[in-house]
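Novice: Right, I'll just put the structure down here and ask away after.
The values are calculated or read from the model by the stated rules, or taken from the named source; none is laboratory data. Bear in mind that the values here come from a model prediction, so they are computed numbers and not experimental data. As a convention, Cβ positions derive from the backbone with ideal geometry for all residues, glycine included, and neighbour counts pool all protein chains shown.
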Amino acid sequence: MAPALDTPGGGLDVTFCDPSVDGLQALQRRPLMQIAPMLDVSYEDFRQFMRILIRRSQIWTEMIVANSLLSSQKECRALSGFLDFAGHEHPIVCQLGGSDPSILAEAAKLVEQWGYDEVNLNVGCPSDRVAGKGEFGASLMKRPEHVRECVRAMSRAVQIPVTVKTRLGVDEFDSQEFTQTFVSTVAQGGCKHFIMHARKAWLSGLSPAQNRSIPPLQHGRVAALCRSFPDLDVSINGGICTKEHASGILLSAPRNLLGVMVGRAACSNPCMLWDVDRCLYGDAENPLVTATRRSIADAYANYLEEAHPPVDEVATKMCCQTHLALKPILGLLSGKPGHRNFRQTMELLQKDRASRNLGPAELLRRTIQVLDQEPKSRAALDEILPFAGEPDQLDSDLTALLGRDAGSRPDCLDSESPSCAPLLGEQLSSVDDASCEKAVMRKEVGDTMNKFRDFLYSENLSWRHLSSPRAPLYDNVRRHLL
């Protein structure tokens, strides 16, 4: 089962709950599942693909720079490239990036006029082009009073909700007191809902991808924030990889935690969203009655056929439009036989000019035909997707030794994934590098590692790095976990 969010000021207190239907029905006021805004990902094709899998979730656009929006309007250029969305994408949130209150207010008006359900201010992106040159995103956390004025201007300009997506801290400003002061200050501007990425951000030294994995997850601090501000709504983001994990959090979290936000997990393994409408929202059925990966591919191919018809002339290099149109479905066979072949075949077809001219829908169908030639790949395509199960639960003894932020055991324990760093990162980060070899010989750390290794073996997982006698234990863990 999944961990509860009930530890004051720290990581997850590992108590567990049962995601009963009655319990979930009591949560219907919440957004429950939110699909995160992701640069170069959350464009219209991706959102359409998400709606094949899940109808009820709140879906977000990628960040739109407020200055760019107003410049296009001023120059009489079409805004559709920025703001267009389909009617069935509701509920949909438009995220804006910017730091000028008046410009953000005008951009928010356009968002409202276009029919969005909510407008969000980005105060969490650590990308250099956003937080550095743009001087917004996560860098705004250092100026809470200015963020308050931005939110106030936006709230006065529109009737739809104005929310803020942010992090627990930025650079050296990462204490719980700082986070509470930031939230309290920004709330004075009219923000009633904060989406908290349960990590801090480093504005220099880490890439955006590293900022999603290296700073340790601290879900418990988000729960503490909920208790500190019972009149505010909060959503949690970061490290949530399965619907079972999401349901466990929703059922055990403070009441004002509105929902969970998933981002990269929805990209890398989109099938994890299957059954969310039924298990979280209580719908009688999911969007696809016979849910197989083949039926998902067929539905997306039908969309592509209408949205991106064949063209006669395409540049000799890989067509950008075709690449972007097919990008959302690349994770369809994640963890299944044929995953690599699926991606490689699609890439080869995109590089072939004759095939590319047929349009992305035909390329997708031809890729499926190639996979059908392999029995295991064909079986994976026709396998019925599983309904949501019980939330995952770590071994209780291991959980106690690992301490806070143990989390659940979904895809996070993949040896190629940095997302398992929070399991041991917080405990080991307190060991001073200068004395690490001496410190790691302490019995409690050794016992923790033995328990962790035994757990991996019991789950048929293999982590050779943890059993190498030639490397100091601390260096080994730091290199392969952090």
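Novice: Can you pull out every residue in the range 249-283 that is outside any helix (DSSP H, G or I) and either farther than 25 Å from residue 39 by Cβ or touching a Phe, Trp or Tyr at 6+ places or on another chain (Cβ under 7 Å) (or both)?
Specialist: At the first step, the residues of the range 249-283 found to be outside any helix (DSSP H, G or I) are 253-263, 269, 274-275, 280-283.
Scanning the range 249-283 gives 253, 254, 255, 256, 257, 274, 275, 280, 281, 282, 283.
Novice: Continuing with this model, one more query. List pairs: first residue in the range 351-364 and closer than 10 Å to residue 310 by Cβ and at pLDDT 90 or above, second residue small (Gly, Ala, Ser) and surrounded by fewer than 21 Cβ atoms within 10 Å (Cβ to Cβ) anywhere in the structure, Cβ distance under 6 angstrom, at least six positions apart or on different chains.
Specialist: 361/301
Here is a yes/no grid of residues against (1) in a loop (DSSP other than H, G, I, E, B); (2) touching a Pro at 6+ places or on another chain (Cβ under 8 Å); (3) not hydrophobic (A, V, I, L, M, F, W, C):
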{"residue": "225", "(1), (2), (3)": "no, no, no"}
{"residue": "235", "(1), (2), (3)": "no, yes, yes"}
{"residue": "240", "(1), (2), (3)": "yes, no, no"}
{"residue": "247", "(1), (2), (3)": "no, yes, yes"}
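Novice: Does the range 221-231 contain any residue that is crowded, with 24+ Cβ neighbours inside 10 Å, over 26 Å from residue 137 (Cβ atoms) and not polar (S, T, N, Q)?
Specialist: Scanning the range 221-231 turns up no residue that is crowded, with 24+ Cβ neighbours inside 10 Å, over 26 Å from residue 137 (Cβ atoms) and not polar (S, T, N, Q).
Novice: Filter the range 58-91 down to the residues that are crowded, with 22+ Cβ neighbours inside 10 Å and in contact with a Lys or Arg (Cβ under 9 Å, 6 or more places away or on another chain), then identify the one that is farthest from residue 39 (Cα to Cα).
Specialist: Among those that are crowded, with 22+ Cβ neighbours inside 10 Å and in contact with a Lys or Arg (Cβ under 9 Å, 6 or more places away or on another chain), it is 59.
Novice: Would you call residue 239 in the same structural domain as residue 31 (by TED's automatic domain parsing), free of Cβ contacts under 8 Å to residues at least 40 places away in the same chain and at positive phi?
Specialist: Answer is no for this residue.
Novice: I want to confirm something. Restricting to the range 246-268 and keeping residues that are among the polar types (S, T, N, Q) and surrounded by fewer than 20 Cβ atoms within 10 Å (Cβ to Cβ), which single residue is nearest to residue 55 (Cα to Cα)?
Specialist: 268
Novice: Go through (1) modelled with pLDDT of 95 or more; (2) surrounded by 20 or more Cβ atoms within 10 Å (Cβ to Cβ); (3) hydrophobic (A, V, I, L, M, F, W, C); (4) within 26 Å of residue 36 (Cβ to Cβ) for residue 299 and report which single condition fails.
Specialist: (2) is the only condition that residue 299 fails.
Novice: If residue 107 passes every condition in (1) buried (at least 21 other Cβ atoms within 10 Å of the Cβ); (2) in contact with an Asp or Glu (Cβ under 9 Å, 6 or more places away or on another chain); (3) without any contact (Cβ under 8 Å) to a residue 60 or more places away in the chain but one, which one does it miss?
Specialist: So the condition that residue 107 fails would be (2).
Novice: Now, a different point. Quick one: residue 231 ticks every box in (1) over 17 Å from residue 95 (Cβ atoms); (2) out of contact with any helix residue (DSSP H, G or I) (no Cβ under 7 Å at 6 or more places or on another chain); (3) in a helix (DSSP H, G or I) except a single one, so which number is it?
Specialist: Failing condition for residue 231: (3).
Novice: Which of (1) modelled with pLDDT under 95; (2) within 15 Å of residue 52 (Cβ to Cβ) is the odd one out, the single condition residue 294 does not satisfy?
Specialist: (1) is the only condition that residue 294 fails.
For (1) in a strand (DSSP E or B); (2) of a type in the set (Val, Ile, Thr); (3) under 21 Å from the mean Cα position of the chain (by Cα), each residue gets a yes or a no:
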site	(1), (2), (3)
138	no, no, yes
141	no, no, yes
146	no, no, no
152	no, no, no
156	no, no, no
177	no, no, no
186	no, yes, no
189	no, no, no
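Novice: So which of 213, 204, 127, 184 is out of contact with any strand residue (DSSP E or B) (no Cβ under 8 Å at 6 or more places or on another chain), farther than 24 Å from residue 68 by Cα, crowded, with 19+ Cβ neighbours inside 10 Å and in the same structural domain as residue 89 (by TED's automatic domain parsing)?
Specialist: Only one candidate qualifies: 213.
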